[in-house]
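What follows is a short report on a single structure.
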Amino acid sequence: MGYVENLRRRIGHDDLIIAGAGVFPVRAGQVLLQRRRDNGFWSMHGGAMEIGETPEEAARREFFEETGLTAEELTPLGAFSGPDTRHTYPNGDRVFIVGIFFLCTRFSGEPLIDPDEVTELRWFPLDALPAAEAINPPDRRAFEAFRALAPTFLEK
């Protein structure tokens, strides 16, 4: 059982500040996104940090758990928090997320879906990303930052 699950056993659905990390994997002018099982929104790959992990370690672990892919190199995209990262999950858990996001252009393996968390993995062209309202709400600012950088990947 992880850190957040242990806390939830004690505090129920009350507000929690969560440090999380996520990965935007980019290859050949496309980004691999996941459709979340819990709410059906599109998202990058990521989740909560565990005690003792660095953001990079958490990002690599979550990326592997959710996709079966191994991140070989991570480049910081940014850290995001604020009122728009306050979120209530479908199960009633309330969080305020401090998210640290990375770009990943070097990764290996074959994509595999984690059936507990993901219903679909899909490659999206960088110039045809899902609409903002289709993105997981607490991830939207990170997606805005990613959208701003996307043209630089198309130029390569």
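The values are calculated or read from the model by the stated rules, or taken from the named source; none is laboratory data. Note that the coordinates shown come from a computational prediction; the quantities given were computed from them, not determined experimentally. Cβ placement follows ideal geometry from the backbone for every residue including glycine, while neighbour counts extend to all protein chains displayed.
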Restrict the check to the range 108-115 and report whether at least one residue is in a strand (DSSP E or B), surrounded by fewer than 16 Cβ atoms within 10 Å (Cβ to Cβ) and over 15 Å from the mean Cα position of the chain (by Cα). yes
Filtered residue count, the range 2-21, keeping only those that are of a type in the set (G, A, S) and more than 15 Å from I51 (Cα to Cα): 1
Is it the case that the range 132-151 has a residue that's in a loop (DSSP other than H, G, I, E, B) and of a type in the set (D, E, K, R)? no
D84 passes all but one of (1) surrounded by 12 or more Cβ atoms within 10 Å (Cβ to Cβ); (2) free of Cβ contacts under 8 Å to residues at least 24 places away in the same chain; (3) of a type in the set (D, E); which number fails? (2)
Out of the strands (runs of 3 or more DSSP E) lying entirely within the range 17-96, which hold 3 or more residues that are hydrophobic (A, V, I, L, M, F, W, C) and out of contact with any Asp or Glu (no Cβ under 8 Å at 6 or more places or on another chain)? 30-36, 70-80
Is it true that N6 is exposed (fewer than 13 other Cβ atoms within 10 Å of the Cβ), under 24 Å from W123 (Cα atoms) and not β-branched (V, I, T)? no
Looking at the range 39-59, is at least one residue surrounded by 14 or more Cβ atoms within 10 Å (Cβ to Cβ), at pLDDT below 95 and in contact with a Leu (Cβ under 6 Å, 6 or more places away or on another chain)? no
What residue, among those in the range 9-32 that are in contact with a Pro (Cβ under 8 Å, 6 or more places away or on another chain) and closer than 23 Å to G82 by Cα, is surrounded by the most Cβ atoms within 10 Å (Cβ to Cβ)? A21
Under the condition of being within 19 Å of the chain's Cα centre (by Cα) and of a type outside the set (G, A, S), which residue from the range 141-152 is modelled with the lowest pLDDT? L149
